[in-house]
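The values are calculated or read from the model by the stated rules, or taken from the named source; none is laboratory data. Treat the numbers as computed from the prediction; the structure is a model and nothing was measured. Cβ coordinates were reconstructed from backbone atoms using ideal geometry, including for glycine residues, and neighbour counts include every protein chain displayed. Note: areas computed on protein heavy atoms with side chains; ligands, DNA, RNA excluded. Shrake-Rupley method; radii C 1.70, N 1.55, O 1.52, S 1.80 Å.
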Amino acid sequence: MDADVSDSPGPPAEPDRPDHSAGDEPEDGARDASGTAPENDGDRRDAGSGVGSGEGDTAGTAAPESAGGEGGDGTWAARPEREGHKSHWLRWTALAVSFLVLVAAGVGWWLYKKLDGNITTDTSAAAELKAYEKDRPLPVAHDAQNILLIGSDTRSGDNSAYGRDDGGSQRSDTTILLHLAADRRSATAVSIPRDLMSEIPSCHTADGKATKQQFAQFNWAFELGGTACTIRTVEKMTGIRVDHHMVIDFAGFKDMVDAVDGVEVCLKKPVDDADAHLKLPAGRQELDGEQALGYVRARKSIGNGSDTERMDRQQKFLGALVNKMQSNGVLLNPTRLYPVLDAATKSVTTDPGLDSLRDLYDLVRGMRNVPTEKVQFLTVPRQAYRADANRDELVQPDADRLFTQLRKDEPVTVVPPEKNNSGDSQADHSSENPSGEKPGASGDGSPTPAPTYSGSNAADDPCDS
């Protein structure tokens with residue numbers, strides 16, 4: 001038997017005190033030859049039980065202060081058992097937390113990859129634009145962004161319910177040039193009428209054939225040469241470099257409206273349009289995705305039936321959509337933002353610079369602090385084309401003045417039509433300087449006021465107009 005083991009009973013060694021080999025001097029005092037600790041004053045050990053007696057109670061157990069002090073465990077043996085239970089609990093807690101973190105990370109990564117994979121990249125347009133790079137305008141305000149938004153009215157696939165599929169041909173039902181100011185404190189959306197007479201450059205069709213340069217209505221560019229041809233036509237018309245583009249189809253627009261739980265509009269008269277799948281009463285109401293799609297596309301049943309009136313309606317609806325997303329905190333709430341992103345990414349085709357979820361998120365994040373009254377909508381200044389009243393032409397110098405403001409990232413002032421001269425939304429888009437000179441250069445040397453344009457903003461009440 002080892003020299004430091006005694007046959008006589010005694011208290012067990014403290015669990016955190018190191019063992020001493022035979023012959024070593026204990027740190028807390030000498031032990032007798034049996035290994036029993038010396039007796040304390042007035043404290044006798046029971047040789048038969050090996051436990052100390054309490055105050056007058058020879059059968060009780062009193063915990064030494066070193067074992068936990070007042071209220072501590074009753075025996076030396078209880079402490080390691082309790083610490084072992086605590087350590088066991090901590091290990092399982094750590095494992096559970098690690099598992100939850102891994103699950104959350106896995107779900108987050110799966111959602112990210114799903115949204116990212118929804119986006120379609122328009123590589124053909126990128127290649128076409130690269131081939132004509134020397135003909136494109138150079139950017140002027142480098143921190144500003146100009147994004148061309150194209151609403152495609154193709155009837156193929158999920159869009160077949162909205163018209164006859166004529167072999168998968170595509171047309172630009174709506175085209176908007178969105179200018180984001182460099183300081184991201186304003187956004188200006190300029191609609192370009194599809195019937196506007198424009199100089200369309202030579203482009204390549206889907207099968208690689210070259211088209212001739214021609215003066216034709218604007219939406220022919222998209223039908224002939226797709227997105228790249230439309231971008232080049234816009235750049236030729238405005239002198240503004242298009243940094244990015246997005247093509248959105250009918251189904252995507254409808255799903256985005258549903259994702260924000262509808263958008264509020266105001267109708268002056270009831271609407272019953274079978275072609276647009278739309279039947280609505282007059283007054284203020286909230287439209288779901290299907291109703292909203294019919295509302296922005298209807299021509300014959302709402303207003304005077306002109307494309308001009310329809311563009312004004314589209315602008316006001318987009319303003320109401322932006323207002324709904326900001327006022328309801330959609331952009332700041334991941335659980336509400338996800339359905340919007342899912343709907344948008346499923347239906348959007350973009351250039352390689354916007355074809356990832358991170359790129360789109362950065363774009364949305366840059367816009368979330370833009371005040372709704374600074375999200376402005378207008379139509380490029382135009383009037384009835386002199387050779388054909390069913391077509392439009394630009395009003396000069398108003399149009400070039402607007403394009404210069406946007407190109408240089410200078411402020412554009414938009415007011416309701418009734419506050420801008422005669423209020424004619426078709427022919428009177430810009431207040432004119434009596435002298436006909438450009439802003440900032442009057443005859444007496446004093447600056448002339450910047451022009452104002454007829455339009456609306458996202459803060460407007462739909463029932464006020």
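Considering only residues that are in contact with a strand residue (DSSP E or B) (Cβ under 9 Å, 6 or more places away or on another chain) and touching a residue at least 24 places away in the same chain (Cβ under 8 Å), look in the range 125-137 and name the one that is surrounded by the fewest Cβ atoms within 10 Å (Cβ to Cβ). Checking each candidate, the answer is 128.
Out of 435, 465, 454, report the one residue that is at pLDDT 55 or above, part of a loop (DSSP other than H, G, I, E, B) and small (Gly, Ala, Ser). Talk me through it step by step, then tell me what you get.
Details: 435 fails: at pLDDT 55 or above; 454 fails: part of a loop (DSSP other than H, G, I, E, B).
Testing whether each residue is at pLDDT 55 or above, part of a loop (DSSP other than H, G, I, E, B) and small (Gly, Ala, Ser) leaves just 465.
Listed conditions (1) closer than 21 Å to residue 141 by Cα; (2) of a type outside the set (S, T, N, Q); (3) part of a helix (DSSP H, G or I); (4) under 28 Å from the mean Cα position of the chain (by Cα) are all met by residue 400, apart from (4).
One residue stands out in the range 97-135 among those that are part of a helix (DSSP H, G or I) and β-branched (Val, Ile, Thr): the one that is modelled with the lowest pLDDT, namely 107.
Every residue, every condition in (1) closer than 30 Å to residue 452 by Cα; (2) touching a helix residue (DSSP H, G or I) at 6+ places or on another chain (Cβ under 9 Å); (3) small (Gly, Ala, Ser); (4) open to solvent by less than 50 Å² (accessible area, probe 1.4 Å), yes or no:
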{"residue": "324", "(1), (2), (3), (4)": "yes, yes, no, yes"}
{"residue": "340", "(1), (2), (3), (4)": "no, yes, no, yes"}
{"residue": "344", "(1), (2), (3), (4)": "no, yes, yes, yes"}
{"residue": "353", "(1), (2), (3), (4)": "no, yes, yes, yes"}
{"residue": "376", "(1), (2), (3), (4)": "yes, yes, no, yes"}
{"residue": "386", "(1), (2), (3), (4)": "yes, no, no, no"}
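So which of 298, 344, 320 ends up being touching a residue at least 12 places away in the same chain (Cβ under 8 Å) and out of contact with any Asp or Glu (no Cβ under 7 Å at 6 or more places or on another chain)? Break it down into steps so the answer makes sense when it comes.
Details: 298 fails: out of contact with any Asp or Glu (no Cβ under 7 Å at 6 or more places or on another chain); 320 fails: out of contact with any Asp or Glu (no Cβ under 7 Å at 6 or more places or on another chain).
Only one candidate passes the filter, namely 344.
Among residues of the range 173-195 that are open to solvent by 30 Å² or more (accessible area, probe 1.4 Å), those with a beta-carbon under 6 Å from a residue that is among the polar types (S, T, N, Q) at least six positions away or on a different chain give the pairs 194/219. A single entry from 249, 243, 273, 255 fulfils the requirement of being surrounded by 15 or more Cβ atoms within 10 Å (Cβ to Cβ) and under 30 Å from residue 408 (Cβ atoms): 243.
Counting only residues that are part of a helix (DSSP H, G or I) and in contact (Cβ under 8 Å) with a residue 60 or more places away in the chain, the range 213-228 holds 5 of them.
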